[in-house]
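The values are calculated or read from the model by the stated rules, or taken from the named source; none is laboratory data. Since we're looking at a predicted model, the values are computed, not measured. No Cβ is skipped: glycine too gets one built from the backbone with ideal geometry, and neighbour counts run over all protein chains shown. All accessible areas refer to the heavy atoms of the entire protein, side chains included, with ligands and DNA or RNA removed. Shrake-Rupley method; radii C 1.70, N 1.55, O 1.52, S 1.80 Å.
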Amino acid sequence: MAGTIVEKLAEYGVAERDRTLPPEVRHHAKRALIDWFASLLPGTEIDPAQAMIKGLGDELGHGKAYVYGSGKFGPLRTAALINGTASHTIEFDDIFRDAIYHPGCPTIGAALAAAQAKGATAAELLTAIIVGYEVSTRIGLSVQPSHYKYWHTTGTVGTFGAAAAVATILKLNATQFAHALATSATMAAALQQAFRSDSMSKPLHAGHAAEAGAMAALSAEYGMTGTLDVLEGEAGFGAAMSTTVDWSKATAGLGAHYNITQMTFKNHGCCGHAFPAIDGALHLKAEHGLAPEAIKRIRVGGYRATLDVAGVPKATTPFEGKFSTPFLVASALVHGSVRLNAYEPERLADARVQTLSDKVELKIDEQCAADFPKRRSAKVAIELADGRTLEHYQPTRKGDPDAPLTDADVSDKFLELASPVLGADAAKRLLAELWAADQPHTLYAVPGDALRKAG
C-alpha cells in the first residue's frame, strides 16, 4: 500500500468489499449487530432520542431509513443521528477495549441507515460493519491512550467508523473512500467534559459521529474532497488530539487480523470503567456469602478513569448512577446485579444501597493504572464488622475478549432488553432474523418487519 494513511485505509476498505470474509469474522459481526440492537431498543423510548424525534419531526415521514422509536422512516443522515444516539443511551453497548472506544453505536447506526436507504442486503450490511470496525478501531489504537484525556473516542474515532461503513454500502472507489475518511476527520469532536456531569451530550456524541461520517461518505460519492494527510499532517487529527500517536497501528494487520473478533460485550448496564470493581465485589459476595449489613468498609483500587469517569461519589439520578462506582458496587452487593432496573427511583433511593455506597473508597492502584487500557482491572478489599478483610484482584471484566459472553449470553441479553420494547414474540423473531443476517437476503427482512409492525 502507498500514499497517506486514509488512502491506505481506503484501499483496504475497497478490497474487503469483494473478499470472502472468514466465517468467524462474519459471525462476530452478527454478534455486534445483535448487541447493538439490544442497546438501541430501550434507548429509543427515552430521551435524548425521544427529544430528537420531536425536535427533528419535520425530517421524518419520508426517506427509506427507519428511525427506531418513531414508527417512521427518515433520510439516511437523520436515522443515523437518532439511532446512533439511542444506542449509546443506556450504557449497554459494545467496547473495543484497547482503543477505549464504543464502535457499534456510530458504525452500525450509520451502516444500518445506509443499508436501508440503499436497499443493501443483510450480507452487505455485515461487510460494512466489519470495514467500519476495522478502520476505526485502528485509528483509535493509533491515538490512545493520551487521546482519552480530553476526547470521547466514540464521538471522535466513531466518525471514521461511520464513514467507512457508509462508503462500503455506497461502493465508493478508493479515491472517493479516502476523501470520505479525510472529510470525516475534521468533523470528529466529542469532549470528555460533556459526561463529567448529568447531561445528554454523551449519547449524542455517538449519533453525531454516525451522521457526520455518513455525510462525508455521501458527499464523497459526488466529488467532495478532503485533506488526504489529515491524520498525520503537522496540524492534523493526530497532532491535535494525541501526544502518543503511532500511525503504524492504523494499518497493522489490515485484512489479516480482525479487531471485531475482540469486542467486549457489556454484562452490566453502566460505564465499563466500573465493571472490574463490580465483578470483583460479586466474586467476593459469591465466595463468602456476604450480607451487606456485615460490611464495614469497601476499598476499590482502579485506574485513572475509574475515578475520573466512573467516580461520581453519590448517585441521585440515573446518569449519576451509571457513572458512580460506589453506587454500582453497592447495588451489585445488595441486589446481585446491575441491570436497567438499578436506576429506577426506588433502587436509587434504596437505603441499603445508599448506606453501603457511603462505605466505598476509590483510589488509584499502580498496577491497575499501568495495565490500562489493555487490561481493565480492579482490586477490591471488603472489611467486615467481625474484623476480617476479604481481598480479590479482578484482572479483567466478564464480557472482555479474555472472558467473553457466549452466543447464548448475547441472545439472553438481547431478549432481556428488547422484549419490554417489542414484546416477547417479536423480540424472538427479530433475534432469529439477526442471527441469520449472513444470508444474502435483502435488509428489510432482517431488522425491519418485526419492528415496524410493533412500532
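Taking the criterion of being closer than 13 Å to residue 279 by Cβ, assigned to a loop (DSSP other than H, G, I, E, B) and touching a Pro at 6+ places or on another chain (Cβ under 6 Å), the residues of region 373-395 that qualify are 376, 377.
Could you say which residue among 76, 33 is open to solvent by 10 Å² or more (accessible area, probe 1.4 Å), of a type in the set (A, V, I, L, M), touching a Leu at 6+ places or on another chain (Cβ under 8 Å) and in contact (Cβ under 8 Å) with a residue 12 or more places away in the chain? Going through 76, 33 in turn, the sole match is 76. Of all residues in region 139-187, how many are of a type in the set (A, V, I, L, M), farther than 24 Å from residue 123 by Cβ and within 17 Å of the chain's Cα centre (by Cα)? The qualifying residues number 3. Any chance region 11-23 includes a residue that's within 28 Å of residue 416 (Cα to Cα) and surrounded by fewer than 24 Cβ atoms within 10 Å (Cβ to Cβ)? Yes, the conditions are met somewhere in region 11-23.
Looking across 351, 403, one residue alone is out of contact with any strand residue (DSSP E or B) (no Cβ under 8 Å at 6 or more places or on another chain), closer than 22 Å to residue 99 by Cα and modelled with pLDDT of 95 or more. It is 403. Screening region 396-419 for residues that are part of a helix (DSSP H, G or I), surrounded by 14 or more Cβ atoms within 10 Å (Cβ to Cβ) and not acidic (Asp, Glu) and picking the one that is farthest from the chain's Cα centre (by Cα) gives 419.
Would you mind finding the one in 148, 101 that is open to solvent by less than 10 Å² (accessible area, probe 1.4 Å) and of a type outside the set (Gly, Ala, Ser)?
101
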